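Engineer: Before we start, here is the structure in question, set down as structure tokens.
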Amino acid sequence: MYIDFEAISEQRDAVDVCIIGAGAAGISMAVTLSERGHRVLLCEGGDADYSERSQECYRGETIGDPYIPLYGARLRHLGGSTNHWGGVCRPLDRYDFTAKSAASETAWPIGRDALSPYYRSAAKLLDLATTPADQSIAGAGFKRIYFSLGNPTRLKDKFAATLRDSMTLECCLTANLVALETQDGHVTSATFKNYQGDYRLVHARYFVLACGGIENSRLLLWCNQQANGQLIPQAGTLGRYWMEHPHATVGKALLFKPAALGLDDEYNVFLSPTAASLDSRQILNCGLRLHRMNTETTQALIDELADQAPTLAGRIRVWQAQGQVIHGVVLRAAWEQEPRFENRIELSDELDELGVPRSRLVWQQSELDRRTIRESMLLLGEYLRDNEVGRLQMADWLADTPVQLPTEGELAGRHHMGGTRMSLAAETGIVNPDCRLFAQENCYVAGSSVFASAGHANPTLTLVQLALRLCDHLESRLTQTSSEAGAVPPT
């Protein structure tokens, strides 16, 4: 049920789990834990709907490569960025959790098997359509992949009744985290502030920070600074290894045998390099999206080819006269970014309305990032040519040496990952494989900020799988402590 900011209880042990942030991870966890009978307080810094006063807190600066303004790269109200989520989902590939030969930093401390048990429940929560298994393409070095492309779920709408009526879930809006107190390896309380300048203190058995792939880093940097480094004593990687999925239109192609790629009866096909191709080409993962052109645009591409390869264009015209279908496609791509220590979220000198330093994003794509998309396109071009499946025309910027990435247009997917990296040791990350802060027994981080690497797939499904896995972990701890508290002492 919804409660006013003034109604937040400061009574100790009134809350089993305090979840901070009501986006995909936060709502998923709050609903799941409350349905299991646990007392949950869900604190959202924004309003029920979009408001300038809340969104203003997301203003920040970017240093490095051109990027989407931070103010518009995410949403700060109930439901978070699921309010403009496109609904595109697929799991990360199994080899996305491993150390790729091109960049050993891509290794996670867990494998995909740790998340697989949560696929069905995450897909149900997000209303994802069932997709076919990936299919190999003989001789291509690619596999055909599938995304769930159903109607995007707005979590605040889907769970509106639960948020309103649940007796075990309290939801408080305009509750902005401004401090975390810690003592002897436990977070003892969280301090929240509203837009009127009022403060409330929350005590809980467990705390979960689920504020997104930029805010998790920003808030932990600020809280750790206020706690004199006691929250995260080994903070060398805090905010570091931040990642995105670069996006761009990368070329066009004429397909003489569209059935070879599945484009004989579909308008969109998705491809990605096989694990063997990543190894042989020394690249990271990449998703290519082939969108079929209409007849007029396809013919214009054939006519353009006539100036560059008149013999081939002549053959195409003969094939067309014989009734052979030729498809033109536009190629777009989203590819994996190398996890690099230099890419980071840090605190700026400017404060937001709540007195918290704004975010500064330092972000630059590496030579490996550039090589990944270029080599992926070359690999596809070689397959089309060598198997007489078609011909590829790369975007002009991919032909430059070195590759000069576009400075305008789509740029990236608004997929914010890393910054509170999952690791086996505090020296190399911020949370352990259970998503717990290394130095705190009862404080966790949820969301894509814990990703150790990014793959190429949209992150929402994976972060919800992680959130549901964290629910099981917390339930086991809550159940254990309850049993111990209720145990009859020995005589």
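Engineer: Counting other Cβ atoms within 10 Å, keep those with at most 15, restrict to DSSP loop, and tell me which trypsin sites (Lys or Arg not before Pro) in region 321-415 are left.
Structural biologist: none
Engineer: Using Cα positions and a limit of under 16 Å, work out the aspartates and glutamates in reach of residue 100, with same-chain residues fewer than 8 apart set aside.
Structural biologist: In chain and number order, the partners are 279, 336, 338, 367, 369, 375.
Engineer: Taking only C-alpha pairs under 8 Å that are 6+ residues apart, what is the relative contact order of region 175-302 in percent?
Structural biologist: Worked out over region 175-302, it gives 15 percent.
Engineer: If each of residue 94 and residue 364 carries a label point 7 Å out from its Cα toward its Cβ, how far apart are those two points in nm?
Structural biologist: 3.8 nm
Engineer: How about region 303-356: which chymotrypsin sites (Phe, Trp or Tyr not before Pro) there are in a DSSP loop, with at most 15 other Cβ atoms within 10 Å of their Cβ?
Structural biologist: Within region 303-356, the qualifying chymotrypsin sites (Phe, Trp or Tyr not before Pro) (loop, at most 15 other Cβ atoms within 10 Å) are 341.
Engineer: For the chain, what is the calculated [θ] at 222 nm in deg cm²/dmol (nearest 500), taking -39500 (n - 2.57) for each run of four or more DSSP H residues and dividing by its residue count?
Structural biologist: -8000 deg cm²/dmol
Engineer: Let me ask you something else. Is the C-alpha gyration tensor of region 1-48 telling us rounded, prolate or oblate? Criteria: a/c under 1.5 is rounded; beyond that, a/b larger than b/c is prolate, otherwise oblate.
Structural biologist: Taking the square roots of the gyration eigenvalues as a ≥ b ≥ c, region 1-48 is oblate.
Engineer: Rank 21, 407, 285 by how far each Cα sits towards the positive end of the charge dipole of the chain (+1 on Lys, Arg Cβ; -1 on Asp, Glu Cβ) and give me just the farthest.
Structural biologist: The residue sitting farthest along the positive end of the dipole is 285.
Engineer: While we're here: Pop the C-beta distance of residue 282 and residue 259 into the FRET formula with R0 = 30 Å and round what comes out to the nearest 0.05.
Structural biologist: 0.45
Engineer: Could you look at the chain and say what percent of its accessible area is carbon and sulfur, using a 1.4 Å probe and all protein chains?
Structural biologist: Summing carbon and sulfur atoms, their accessible area is 49 percent of the total for the chain.
Engineer: Filter the chain for me: DSSP H helices, axial length by Cα at least 27 angstrom, mean Kyte-Doolittle hydropathy not below 1.6. List them by residue number.
Structural biologist: Within the chain not a single helix satisfies the rule.
Engineer: Continuing with the same structure: Rounded, prolate or oblate: pick one for region 321-472, where a ≥ b ≥ c are the square roots of the eigenvalues of its C-alpha gyration tensor, a/c under 1.5 means rounded, and failing that, prolate if a/b is larger than b/c, else oblate.
Structural biologist: The shape class here is prolate.
Engineer: Taking 8 Å as the Cα distance limit and 6 or more residues as the minimum spacing, I'd like the relative contact order of the chain as a percentage.
Structural biologist: 23 percent
Engineer: Could you name the lysines whose alpha carbon sits less than 16 Å from that of residue 124, not counting residues in the same chain fewer than 8 places away?
Structural biologist: By straight Cα distance, residue 124 reaches 156, 158.
Engineer: To continue, here is another question. Quick one: what are the phi-derived ³J(HN,Hα) couplings along region 259-271, Karplus 6.51/-1.76/1.60 with θ = phi - 60°, whole Hz, x for glycine and proline?
Structural biologist: 5, 4, 10, x, 8, 6, 10, 10, 8, 9, 9, 10, 10
Engineer: At 1.4 Å probe radius, can you tell me the per residue accessible area of region 1-128 in Å²?
Structural biologist: Counting only protein heavy atoms, the per-residue value for region 1-128 is 40 Å².
Engineer: Can I ask one more? What size of dipole, in debye to the nearest 20, comes out for the chain about its Cα centre when the only charges are +1 on Lys and Arg C-beta atoms and -1 on Asp and Glu C-beta atoms?
Structural biologist: That gives a dipole near 980 debye.
Engineer: Mind giving me the nanometre distance, one decimal, between the label points for residue 303 and residue 351, set 7 Å out from Cα along Cα→Cβ?
Structural biologist: 6.3 nm
Engineer: Apply the a/c threshold of 1.5 to the C-alpha gyration tensor of region 208-360 and tell me whether it is rounded, prolate or oblate.
Structural biologist: The shape class here is prolate.
Engineer: Here are some values of percent of Cα pairs over 34 Å apart: [x] 38; [y] 42; [z] 32. Which one was computed from this structure?
Structural biologist: From the options [x] 38; [y] 42; [z] 32, the structure gives [x].
Engineer: Nearest 0.05, what FRET efficiency do residue 131 and residue 196 give at R0 = 45 Å with Cβ-Cβ as r?
Structural biologist: The calculated FRET efficiency here is 0.45.
Engineer: Would you kindly state the longest site-free stretch of the chain, with sites defined as GluC sites (Glu not before Pro) in a DSSP loop (not H, G, I, E, B) surrounded by at most 16 other Cβ atoms within 10 Å?
Structural biologist: Value returned for the longest uninterrupted segment is 11-265.
The values are calculated or read from the model by the stated rules, or taken from the named source; none is laboratory data. This is a predicted model, so every value here is computed, not measured. Using ideal geometry, Cβ is built from the backbone for each residue, glycine included, and neighbour counts are taken over all protein chains shown. Remember, those area values only see protein heavy atoms, side chains included, never the ligands or the DNA or RNA. Shrake-Rupley method; radii C 1.70, N 1.55, O 1.52, S 1.80 Å.
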